[in-house]
Amino acid sequence: MAGDAERPAGTVSIHLYGEMAFFRMMPDAALLRDSTQILLPEEALDGLREELEHRFTLTIRSEEQGVRIVGSPVEIKEASAYLSRNGISVQ
């Protein structure tokens, strides 16, 4: 169909109550993860970690594959903009 590419990814659940049906769109888990976390190489936060923790409500964890920054979609969006302004590529 023509509009399929614009439809958000996710799952639709249908709940039947008597003669009424309710539809609920469940977002794709990968999309939620993308909007609530950032994964960067450890060295990417050199000189920026303290300021990130001060400016935003985030959890920053060191892991095997790098640093995971976790927060609400709003905080992650603002933190991403801050990192970008400071030369850190966030995808």
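Number of residues in the range 22-47 that are at pLDDT 70 or above and either part of a strand (DSSP E or B) or not aliphatic (A, V, I, L, M) (or both) equals 10.
Residues in the range 67-91 that are of a type in the set (Val, Ile, Thr) and assigned to a helix (DSSP H, G or I): 74, 76. Scan the range 50-66 and tell me whether some residue there is more than 17 Å from the chain's Cα centre (by Cα), among the charged types (D, E, K, R), part of a strand (DSSP E or B) and at pLDDT 90 or above. Within the range 50-66, one or more residues are more than 17 Å from the chain's Cα centre (by Cα), among the charged types (D, E, K, R), part of a strand (DSSP E or B) and at pLDDT 90 or above.
The values are calculated or read from the model by the stated rules, or taken from the named source; none is laboratory data. Just so we're clear, the structure is a prediction, and the values are computed from it rather than from any experiment.
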